[in-house]
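Okay, structure first, notes after.
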Amino acid sequence: MSDILVVILNSQLQRTSFPVVQPLPNWGLWLCEGTTIGCYADEKAHNVSFSLFPSSTLNHPFAFSECPPLGLESLKVKDSQIQASSYKRMGLGPHRGRLNIQSGVEDGDIYDGAWCAEYKDQNQWLQIDAKKLTRFTAVILQGRGSIWSLDYVETFKVQVSNDTIKWKPCMNATEEVVFEGNKDSETPVLAILPEPAVAQYIRINPQTWFKNGTICLRAEIMGCDNICGLYIEGTKDKLDFRHHNYKEMRKLMKSVNEMCPDITRIYSIGKSYMGLKLYVMEISDNPGKHELGEPEFRYVAGMHGNEVLGRELLLNLMEYICQEYKRGNQRIVHLVEETRIHLLPSMNPDGYEMAYKKGSELAGWSLGRFSYEGIDMNHNFADLNTIMWDAIELETDKSKLINHYFPIPEHYTSEEAMVASETRAVISWMQTIPFVLSANLHGGELVVTYPFDMTKDWAPKEHTPTPDESFFRWLATVYASTNHVMSDPDRRPCHNEDFLRYNNIINGANWHTVPGSMNDFSYLHTNCFEVTVELSCDKFPHASELPIEWESNKESLLVYMEQVHRGIKGVVKDRDTEAGIADAIIKVDDIDHHIRSAFDGDFWRLLNPGDYDVTVTAEGYFPATQSCRVEYEHYPTICDFHLTKTPKQRLREILAKGGKIPKDLQLRLRQLRIRKLRASTKLINRRRASQQRRARGAHN
Ligand SMILES: [Zn+2]
């Protein structure tokens, strides 16, 4: 990039060589060409310093109009930067005074839900050291996160200082301002300072509090780097770094599709309760069709609508893949040519819109998590675990047990079943495309969890491995170890669990049991392996965090997709006709979980390196076995199978006069149930559409 500095003074564009540091006589904006731009300064400014910004932030709606959070919530502010006049005990220390911090379940444990002062008087304060001169513009206050006690601050004062000795109160003309605080313990309240205050330290000084409680608070401070505008850092990629609401998301997806029409396609898998479409971006060298032998991959984000980082990362990812493909980046070209990628950035658009309206600092912890009807989609998939475990316990004839492709239970397919329209859409999608690998992007923690998510005997938590434990641990490790934030050995825990101890990966059920999770369903109902990625401590990071979050996750997102090319793959064919055999069962010795071939007989079996005996069976054919060795390299071992028809099958085919031979019972049941689910979904959607039409009519 060139060393040109662009200075805008009084709306006049001026160019000068870089770096030039001088006090500005007037309000102005520095711009450095290429990847960096400068900052605001006002008339009284001394000591003007430069901040470096990626040029993509020029179009950023937040740039130069609003100061970002200092990062109490995002942990950018370290524990050592937060002090207090006093505190009740360790778990309620000043380091817990962070917006949206979550307590552990036990009262009195070391991870509690706020800073709480030891004394109940007006001399208590929580102090934040911004480490440098900062233009403080606002304070956000929240009460204590606790299911046991109710504590929040009703009014407070704010003071600033440069040395922690002399404190300057926040004034409104002649009087010290008393800010309105909280009315409950969860809703964050924004208090804008009447005038921005420039200093290094800021104090929140409670004046009154909930009468039956004590002085407790969680906070965030809005402030700009010195007297400059928003400081955005982190990446050289030129992507659209901002939060996209539904319309903006659609627009961005459309623009990616227009930029890369040969490798992208947009489609919808269904609608949300409120009628928003669930858009998917498909990326492949032949969009719109499954190619023989090419594995299918999916990322799903935003099933909890307020966990928004995954949505933005997937939008970044589609833009990035399109740009890099056009530039001829060999890694990306290879990925696109060898893989069919599906990106669903928003599984719960209704919830997202709710959180988006409040914004990143004021949405709180759970607004927008659920579907419009109040359903938690990650508890809403059919619980196939219980069906499997009950069968194992009750079935005396072990040869009758199945270990994969469990059908949806009958009751789940009815119109009355509390199954969200979004969940129904995803289940139908899962059955339409032969997905091999997936990840489900969440937020609010930093950890990768792998199935099972549900414990066997309703224990609140217990390690509950699948037969593919070792490959799932590998998958989780791939993401966690390449993510810049997770893999930082010095990071502090987000809320109340220290996942660093487990290298940032954990079996889902060993964290907390979740019946009806998407991951468990995916593994038990389809061939697709899926993990959950918890992307950030903060569920709704400020827009200024997005470039660095992209940089932290870019390699993880790419390398995780590449894992779809591990293990073995091949095609199962009829020895006589060379026709592909669909629904053949692929068994790997010692792993009690089979997968099935897709429509054209192609299959993918994810496996860690090693030697495997693989047996393929199909209705009407003699089984075949061969040894397949999986190497450490990033490409799969090809293991094709040619099956010979049994004489009985030949006879049946002659009797059926070329008609189709019925499939096995398990498969028939699975297909029947999904047809029922689709039928009831159609009826529900039709009813809802007419209700919404009537409601709109009534409003007119
Ligand atoms: Zn979540």
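The values are calculated or read from the model by the stated rules, or taken from the named source; none is laboratory data. This one's a predicted model, so the numbers in the text were calculated from it and none came from an experiment. Ideal geometry is used to build each Cβ from the backbone, glycine not excepted, and the neighbour counts take in all protein chains shown. These area figures cover heavy atoms from the full protein model, side chains too; ligands, DNA and RNA do not enter into them. Shrake-Rupley method; radii C 1.70, N 1.55, O 1.52, S 1.80 Å.
Residue-level check: of (1) within 16 Å of the ligand (Cβ to nearest atom); (2) assigned to a helix (DSSP H, G or I), Asn440 misses just (2). Per the listing Tyr412, Tyr356, the residue uniquely open to solvent by 20 Å² or more (accessible area, probe 1.4 Å), modelled with pLDDT of 95 or more and closer than 24 Å to Lys271 by Cα is Tyr356. Restricting segment 581-611 to residues that are in a strand (DSSP E or B) and open to solvent by 40 Å² or more (accessible area, probe 1.4 Å) leaves a set whose member that is nearest to Glu633 (Cα to Cα) is Asp611.
Among the residues of segment 94-106, is any more than 21 Å from Gly443 (Cβ to Cβ) and open to solvent by 40 Å² or more (accessible area, probe 1.4 Å)? Yes, there is a match, as at least one residue in segment 94-106 is more than 21 Å from Gly443 (Cβ to Cβ) and open to solvent by 40 Å² or more (accessible area, probe 1.4 Å). Answer yes or no as to whether Ser536 is part of a strand (DSSP E or B) and touching a helix residue (DSSP H, G or I) at 6+ places or on another chain (Cβ under 8 Å). No; evaluated as a whole, the condition is false for this residue.
Among the residues making up segment 468-485, those that are within 15 Å of Glu530 (Cβ to Cβ) and touching a residue at least 60 places away in the same chain (Cβ under 8 Å) are Asp468, Phe471, Trp474, Leu475, Val478, Tyr479. If the condition is being open to solvent by 10 Å² or more (accessible area, probe 1.4 Å) and farther than 25 Å from Asn172 by Cβ, then segment 107-143 contributes Asp107, Gly108, Asp109, Ile110, Tyr111, Glu118, Tyr119, Lys120, Asp129, Lys131, Lys132. Look at (1) surrounded by 15 or more Cβ atoms within 10 Å (Cβ to Cβ); (2) out of contact with any Leu (no Cβ under 8 Å at 6 or more places or on another chain); (3) modelled with pLDDT of 95 or more and you find that Ile165 fails only one, number (1). Kindly evaluate Phe472 against the criterion of being touching a strand residue (DSSP E or B) at 6+ places or on another chain (Cβ under 6 Å) and either modelled with pLDDT of 95 or more or among the aliphatic types (A, V, I, L, M) (or both). Spelling it out, Phe472 is indeed touching a strand residue (DSSP E or B) at 6+ places or on another chain (Cβ under 6 Å) and either modelled with pLDDT of 95 or more or among the aliphatic types (A, V, I, L, M) (or both). Pairing residues of segment 441-466 that are of a type in the set (D, E, K, R) with residues that are more than 16 Å from the ligand (Cβ to nearest atom) and outside any loop (DSSP other than H, G, I, E, B), at Cβ distances under 8 Å and at least 6 apart in sequence or on separate chains, gives Lys456/Asn385; Lys456/Trp389; Lys461/Asn510; Glu462/Asn510.
Number of residues in segment 464-500 that are assigned to a loop (DSSP other than H, G, I, E, B) and within 29 Å of Arg96 (Cα to Cα) equals 16. Just so you know, in segment 365-387 the residues that are open to solvent by 20 Å² or more (accessible area, probe 1.4 Å) and not in a loop (DSSP other than H, G, I, E, B) include one that is farthest from Val514 (Cα to Cα), and it is Ile387.
Screening Cys224 against (1) modelled with pLDDT under 95; (2) in contact with a Leu (Cβ under 9 Å, 6 or more places away or on another chain); (3) within 26 Å of Ala117 (Cα to Cα) leaves a single unmet condition, (3). Please enumerate the residues belonging to segment 501-512 that are in a helix (DSSP H, G or I), open to solvent by 10 Å² or more (accessible area, probe 1.4 Å) and closer than 21 Å to Lys539 by Cα. Answer for segment 501-512, where residues must be in a helix (DSSP H, G or I), open to solvent by 10 Å² or more (accessible area, probe 1.4 Å) and closer than 21 Å to Lys539 by Cα: just Trp511. Yes or no: Val564 buried (at least 16 other Cβ atoms within 10 Å of the Cβ), out of contact with any helix residue (DSSP H, G or I) (no Cβ under 8 Å at 6 or more places or on another chain) and part of a strand (DSSP E or B)? Criteria not met by Val564. Filtering segment 261-300 to residues that are hydrophobic (A, V, I, L, M, F, W, C) and open to solvent by 10 Å² or more (accessible area, probe 1.4 Å) leaves Ile266, Ile269, Met274, Leu276, Leu292.
Kindly evaluate Phe370 against the criterion of being of a type in the set (Phe, Trp, Tyr), within 24 Å of the chain's Cα centre (by Cα) and more than 16 Å from the ligand (Cβ to nearest atom). Criteria not met by Phe370.
Away from the ligand (no atom under 16 Å from the Cβ), open to solvent by 10 Å² or more (accessible area, probe 1.4 Å), over 19 Å from Phe641 (Cα atoms) and under 16 Å from the mean Cα position of the chain (by Cα), is that true of Glu545? So Glu545 fits the description; yes.
Among the residues of segment 430-447, just one is touching a Lys or Arg at 6+ places or on another chain (Cβ under 7 Å) and of a type in the set (A, V, I, L, M, F, W, C), namely Phe435.
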